[in-house]
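Input: a single structure, listed below in structure tokens.
Quick note: the coordinates plus some simple rules give every number you see, no bench work behind them. On a predicted model such as this, the values are computed, not experimentally measured, just so you know. Because the Cβ atoms are built from the backbone with ideal geometry, glycine has one as well, and the counts that use them run over all protein chains shown.
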Amino acid sequence: MNQPTKSAPVLTVDEARAAVIAAISATCETDSLPLSEALGRVTCNKIQAVVSIPPFRNSAMDGYAIRFADYQPDTALTVVGKSLAGHPFNGKIPASATVTITTGAQVPEDADTIVIVENTTITDNQVRINEPPVKHQHIRNIGDDIKHGATVVEANTRLTAAQLGLLAAQGMQSIEVFKQPRVGVFSTGDELCEAGQKRFEGAIYDSNRMSLCTMLRAAGYIADDLGIARDDQSEMQSLLTDNQGKYDFLLSSGGVSVGEADYVKSALEENGALQFWKVAMKPGKPMVTGKLKSGTYYFGLPGNPVSSMVTCAQFVIPALQTFEGSAFRPTPVLKAICDTQLCKDAGRFEFQRGIYRTDGKGGLQVTTTGLQDSHVLHSMGQANCFICLDAQSTGASAGDVVNIMLFDTLAGLTI
Ligand code: AMP
Ligand code: MG
């Protein structure tokens, strides 16, 4: 039996995450991508505007472009032309004249006010203005949105649809982003059986590779399925040796507790350095992190299916985000009224599985999914949030306010 690392400190969830993040060096490798492929990727550089937006004065409404000084109550202006979106009016507007203008069209140089069409009456090319205009009304000025030289997107930003739109408005076609981490995922355990194979006695089908690879892909990363390693020291060793050069991260599940066949810690120590392995959380207390000699980061997650998903969401994905150059942003914690009793012993922080709903009045309510043991993957399938119970908490009663973390706000658990 392997010796457990008895001296390892027990860390809180926040301490463990901070330690995980601190140990990761952001990648320097970059990709140049068309904007259309850059959603969710992290920018390498600050992007400054090369064009002011709008680039020219344009109309916010359909109507008439006038010189404010030409307005006289009860006097009509003569329509001498039109400025349409994409087809500017290039002439001069004579005194007491106007041009028709549409939304987005360039405002003629000597006009300073737009009168909306609804406030006018037109007869024989003569426009009568029915409401006194306000000087400069309905004109969008150069740079109202973004001024030349202003920051469009900061460096180390995970690009959203709106930001890609802003970059497109600058005429950009491609952008430099940090390379995505490549993750190799494998399971450990003699009891594990591949889908499609006949289940031998005492076997279970492997579910962790499916849920972990899918979480990583849902979070936007490249995850390769490396199969199952048997509970065998040399098999574990060769898996690490064969794959460490190929991946930025290796992720395993199982084999990290103090059980009979826990080879992960010793294999990691042989091939690199162990960082720590005890986090005061439930599910997911035993967890190994470290770095292999090749520089590949290693996460040995607990084998129980819920534990592996929770630790992936809480530690692995923040680590991948850090590697990719974007700072970890703490997940928002919301308050909800608990419908049911929640059982918990004081000691460890718990991520219980819950189902939240809105109460129709702007508040949230949450109910437990039931049995909270770490092998009950069904609870993750039913849940849409974690109910977060502090270490010292001894549970909650119906009507209590509890903290919840929506799956919608956790990369990997949201779709
Ligand atoms: P371990 O961490 O290896 O001691 O495993 C803890 C529990 O998780 C055991 O009940 C294992 O059978 C189960 N387990 C480990 N790996 C997997 C997996 N890949 N899929 C489903 N269950 C697993
Ligand atoms: Mg095992």
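The alpha carbon radius of gyration of the stretch 22-87, expressed as a multiple of 2.2 N^0.38 Å, is 2.23. Distance between the pseudo-spin-label points of residue 19 and residue 95 (7 Å out from Cα toward the beta carbon): 8.4 nm. Distant-in-sequence amide contacts of residue 182, defined by a placed amide H-H separation under 5 Å and a gap of 5 or more residues or a different chain, comprise 248, 249.
Here's the list of aspartates and glutamates a cross-link from residue 46 could span, going by alpha-carbon distance under 12 Å and ignoring same-chain residues fewer than 8 apart: 154, 176.
Within the same chain, lysines fewer than 8 places from residue 278 are excluded, and of the rest, those with a Cα less than 24 Å from its Cα are 6, 265, 291, 293, 344.
The GluC sites (Glu not before Pro) of the stretch 226-285 meeting both criteria, a DSSP state outside H, G, I, E and B (loop) and at most 15 other C-beta atoms within 10 angstrom of the site's C-beta, are 260.
Here the relative contact order of the chain, from alpha carbon pairs under 8 Å that lie six or more residues apart, stands at 16 percent. The stretch 318-339 and the stretch 183-236 have Cα centres lying 26 Å from one another. Projected over every direction and averaged, the convex hull enclosing the alpha-carbon atoms of the stretch 299-400 yields 7.5 nm². Beta-bridge orientation, the stretch 276-402: approximately 85 percent antiparallel, per DSSP, counting only bridges with both partners inside.
The stretch between residue 36 and residue 154 holds 40.6 nm of extra length on full extension. This uses 0.36 nm per residue minus the Cα-Cα distance. Cα centroid distance between the stretch 38-76 and the stretch 109-164, in Å? About 4 Å separates the Cα centre of the stretch 38-76 from the one of the stretch 109-164. Over all Cα atoms in the chain, the spread is summed up by Rg and Dmax: 30.5, 99 Å. Its Kirkwood hydrodynamic radius, worked out from the mean inverse distance over all distinct Cα pairs, puts the stretch 273-358 at 15.0 Å. The aspartates and glutamates whose alpha-carbon is closer than 16 Å to the alpha-carbon of residue 246, local same-chain residues fewer than 8 away aside, are 29, 224, 225.
Can you list which of the GluC sites (Glu not before Pro) found in the stretch 88-191 are DSSP loop residues with at most 11 other C-beta atoms within 10 Å? Taking the stretch 88-191 and a limit of 11 other Cβ atoms within 10 Å, the loop GluC sites (Glu not before Pro) found are 154.
Please give the FRET efficiency for residue 403 paired with residue 84, using the beta carbon to beta carbon distance and R0 = 60 Å, rounded to the nearest 0.05.
Taking R0 as 60 Å, the efficiency between residue 403 and residue 84 is 0.60.
Debye-formula intensities of the stretch 58-140, expressed as log10 I(q)/I(0) at q = 0.16, 0.17, 0.23, 0.26 Å⁻¹, are -0.47, -0.54, -1.04, -1.37 (one equal scatterer per alpha-carbon, no solvent).
By DSSP, the beta bridges lying fully in the chain are antiparallel in about 65 percent of cases.
Residues 228, 387, 204 in ascending order of nearby Cβ atoms (within 10 Å, fewest first): 204, 228, 387.
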